[in-house]
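The values are calculated or read from the model by the stated rules, or taken from the named source; none is laboratory data. Since the model is a prediction, treat every value here as computed from it, not as a measurement. In this analysis, Cβ positions are derived from the backbone assuming ideal geometry, glycine residues included, and neighbour counts consider all displayed protein chains. Please note that ligands, DNA and RNA were not included when accessible areas were found on the heavy atoms of the full protein model with its side chains. Shrake-Rupley method; radii C 1.70, N 1.55, O 1.52, S 1.80 Å.
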Amino acid sequence: MPKNESLTGPSPLSTLTLQRGASRGLSEQLRQLIEQAIGEGRLQPGARLPSCRDLAAQLGVARGTVRASYDMLVDSQFLQARGAAGTFVSPLPPLK
């Protein structure tokens, strides 16, 4: 099976920093940081995001925290969930 180029190299999400004592929950912080990365172009349309398990391990949080963030971003059309294929940045920006 050919290697997916978007899966190689470090994830732009691995450098995100969450504030554990902040008033906003970790999943909300992560949602905002991913949304910001998409808006700034650090995550390009069609880019594959790390699995919930991988990103949770990178950030030192529970998988449910990442899943909640991904679900919020799918609901707001920033991300597309494609089942076993993974989670991807939406090709079109969400309507405001």
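Within the accessible area of segment 22-72, what % is carbon and sulfur when the probe is 1.4 Å and the other protein chains stay in place? Could the numbers behind the result be given before it?
Working: 1220 of 2580 Å².
Answer for segment 22-72: carbon and sulfur cover 47 percent of the accessible area.
How do the peptides 61-68, 81-88 rank, highest first, by the average count of neighbouring beta carbon atoms within 10 Å per residue? Don't jump to the answer; show the numbers that get you there.
On the way: 61-68: 17.6, 81-88: 12.1.
For the peptides 61-68, 81-88, the packing ranking is 61-68, 81-88.
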